[in-house]
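Below is one structure; the comments refer to it alone.
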Amino acid sequence: MEIAHPPSDAQRLDRAMFLAEARAITQPRLDVPPLSDTERHTEAISRILRSLLNETRGDGREAVRVMRRLGTRLLDESPQTEVTPYAAWQRLVNLARCTEAFLDVESRSR
């Protein structure tokens, strides 16, 4: 029998930081940020989502498997060849919303 250890405070802190970063992006805005800012945030959110995907590899819970498929699909989508600031922002928002939902699903299905 395998004993499951509760997550450490460091893991909870990381998840809280991940969620705060994603929520800052998904808040409604009236403007589209500069492309350079969006690209920087996209890299950060992509790293967070990839770490969640790696951490939950082999997790048998249905909700987590669904979120893994969605996250993988979003990360695999290649940006258009000529990226506009708006298109880049929409991609970032989609990645951030997926990250938010992934964290929510994972915490609820424990």
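Tell me, which residue of segment 17-39 that is within 18 Å of Glu100 (Cα to Cα) and charged (D, E, K, R) is surrounded by the fewest Cβ atoms within 10 Å (Cβ to Cβ)?
Across segment 17-39, the extreme among qualifying residues is Arg29.
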Hits in segment 27-58 (condition: of a type in the set (D, E, K, R) and touching a residue at least 40 places away in the same chain (Cβ under 8 Å)): Glu39
Residue list for segment 41-61, restricted to those being within 16 Å of Thr99 (Cβ to Cβ) and open to solvent by 60 Å² or more (accessible area, probe 1.4 Å): His41, Glu43, Arg47, Arg50, Asn54, Glu55
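Here is a yes/no grid of residues against (1) in a helix (DSSP H, G or I); (2) open to solvent by less than 60 Å² (accessible area, probe 1.4 Å):
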{"residue": "Ala63", "(1), (2)": "yes, yes"}
{"residue": "Arg69", "(1), (2)": "yes, no"}
{"residue": "Ser78", "(1), (2)": "no, no"}
{"residue": "Thr81", "(1), (2)": "no, no"}
{"residue": "Ala87", "(1), (2)": "yes, yes"}
{"residue": "Asn94", "(1), (2)": "yes, no"}
{"residue": "Cys98", "(1), (2)": "yes, yes"}
{"residue": "Leu103", "(1), (2)": "yes, yes"}
{"residue": "Glu106", "(1), (2)": "yes, yes"}
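The values are calculated or read from the model by the stated rules, or taken from the named source; none is laboratory data. Values in this document were obtained by computation on a predicted structure and should not be read as measured data. With ideal geometry, Cβ positions are generated from the backbone for all residues, glycine too; neighbour counts draw on all protein chains shown. Heads up: the accessible areas ignore ligands, DNA and RNA and are worked out on the full protein's heavy atoms, side chains in. Shrake-Rupley method; radii C 1.70, N 1.55, O 1.52, S 1.80 Å.
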